[in-house]
1. Working only within the range 75-120, note down all residues that are surrounded by fewer than 20 Cβ atoms within 10 Å (Cβ to Cβ), of a type in the set (Gly, Ala, Ser) and closer than 23 Å to Ala162 by Cα.
2. Any idea how many residues of the range 140-154 are in contact with a helix residue (DSSP H, G or I) (Cβ under 8 Å, 6 or more places away or on another chain), surrounded by fewer than 19 Cβ atoms within 10 Å (Cβ to Cβ) and in a helix (DSSP H, G or I)?
3. Identify, please: which residue in the range 146-170 is among the acidic types (Asp, Glu) and farther than 11 Å from Ala131 by Cβ and is, among those, farthest from the chain's Cα centre (by Cα)?
4. When the residues of the range 156-168 are filtered to those that are free of Cβ contacts under 8 Å to residues at least 12 places away in the same chain and open to solvent by 30 Å² or more (accessible area, probe 1.4 Å), which remaining residue is farthest from Ser136 (Cα to Cα)?
5. Looking for whichever is modelled with pLDDT of 70 or more, touching a strand residue (DSSP E or B) at 6+ places or on another chain (Cβ under 6 Å) and closer than 20 Å to Ala103 by Cα here; the options are Thr29, Thr13, Thr72, Thr17. Which one fits?
6. Give the residue that is nearest to Phe47 (Cα to Cα), with candidates limited to residues of the range 92-122 that are modelled with pLDDT under 95 and in a loop (DSSP other than H, G, I, E, B).
7. Name the residues in the range 123-139 that are among the charged types (D, E, K, R) and part of a loop (DSSP other than H, G, I, E, B), would you?
8. Restricting the search to the range 121-139, which residues are over 11 Å from Ala77 (Cα atoms), more than 18 Å from the chain's Cα centre (by Cα) and open to solvent by 20 Å² or more (accessible area, probe 1.4 Å)?
Amino acid sequence: MQIQEIMSQPAYTVEATATVETEAELMATNNVGALPVTEDGALVGIFNPLVRYPQFGGAAWDYIMALSEHSTLPRGAHEVAILVVGAHFSSRYQIYAHEHVAAMACLSANKIATIDAGERPSDLTLEESVAYDVASRLVRGGQLPEAIYQVALSTFGEPGVAELVYLIGGYCFIAAILNAYDVAVPGSGEPCG
């Protein structure tokens, strides 16, 4: 499988050294929900395991893109949920990538760092707070308590709660892939899936 088989054409990428502002501009200009990251022209991140195992990779990419392209959740809430999952699973690349996306969604560096540390920031918006609570409860296992579900329902509506649950489950899946293949952050010199 080649990368163009799972990505829309043309495939836009961003160098690992790009600024958050450059990433945001590329995503907005090209109307894309995700940008593959390259380091010295080579793909880094989740793309290597997806391309290496095409029988699974294509469907996995479709799921990832559906989570991005059909999102109706507020961007801050969306990124809070992903960061909670990444922090819970200590998924280095997921945290690295979504720190950048969270900054583009106007989350403060303090909020991002606090979530990365496994803690709940005290200054979350209502939507971010609900996303944090749902994500942190689901990654611990077991059923979502009714009280948390009802707050999420009143905040996001039924389709929004479904999106949030699929987002959390999807990023648990992504964290497992990234951790299984020891996907390193760009510039770390560590092994990469």
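The values are calculated or read from the model by the stated rules, or taken from the named source; none is laboratory data. Remember, predicted model here, so these are calculated numbers, not experimental data. We place every Cβ from the backbone using ideal geometry, glycine too, and count neighbours over all the protein chains shown. Surface accessibility is based on the protein's heavy atoms, side chains included, excluding ligands, DNA and RNA. Shrake-Rupley method; radii C 1.70, N 1.55, O 1.52, S 1.80 Å.
1. Gly76, Ala105 - these are the residues of the range 75-120 that are surrounded by fewer than 20 Cβ atoms within 10 Å (Cβ to Cβ), of a type in the set (Gly, Ala, Ser) and closer than 23 Å to Ala162 by Cα.
2. Adding up the residues that qualify gives 4.
3. Of all residues in the range 146-170, those among the acidic types (Asp, Glu) come to 146, 158, 163.
If we keep only those that are farther than 11 Å from Ala131 by Cβ too, we end up with 146, 158.
On the way: Glu146: 26, Glu158: 21 Å.
The qualifying residue farthest from the chain's Cα centre (by Cα) is Glu146.
4. First, the residues of the range 156-168 that are free of Cβ contacts under 8 Å to residues at least 12 places away in the same chain: 157-158, 162.
With the extra rule that they be open to solvent by 30 Å² or more (accessible area, probe 1.4 Å), the set shrinks to 158, 162.
Numbers: Glu158: 19, Ala162: 16 Å.
My answer is Glu158.
5. Values: Thr29 fails: touching a strand residue (DSSP E or B) at 6+ places or on another chain (Cβ under 6 Å); Thr72 fails: touching a strand residue (DSSP E or B) at 6+ places or on another chain (Cβ under 6 Å); Thr17 fails: touching a strand residue (DSSP E or B) at 6+ places or on another chain (Cβ under 6 Å).
Matching residue, one of Thr29, Thr13, Thr72, Thr17: Thr13.
6. Applying the first criterion (modelled with pLDDT under 95) to the range 92-122 yields 92-106.
This time we only want the ones that are in a loop (DSSP other than H, G, I, E, B), so: 105-106.
Numbers: Ala105: 23, Cys106: 26 Å.
Across the range 92-122, the extreme among qualifying residues is Ala105.
7. Going residue by residue through the range 123-139, those that are among the charged types (D, E, K, R) are 123, 127-128, 133, 137.
Answer for the range 123-139, where residues must be among the charged types (D, E, K, R) and part of a loop (DSSP other than H, G, I, E, B): just Asp123.
8. To start, the set of residues in the range 121-139 that are over 11 Å from Ala77 (Cα atoms) comprises 121-123, 136-139.
From what is left, the residues that are more than 18 Å from the chain's Cα centre (by Cα) are 121-123.
Matches in the range 121-139: Ser122, Asp123.
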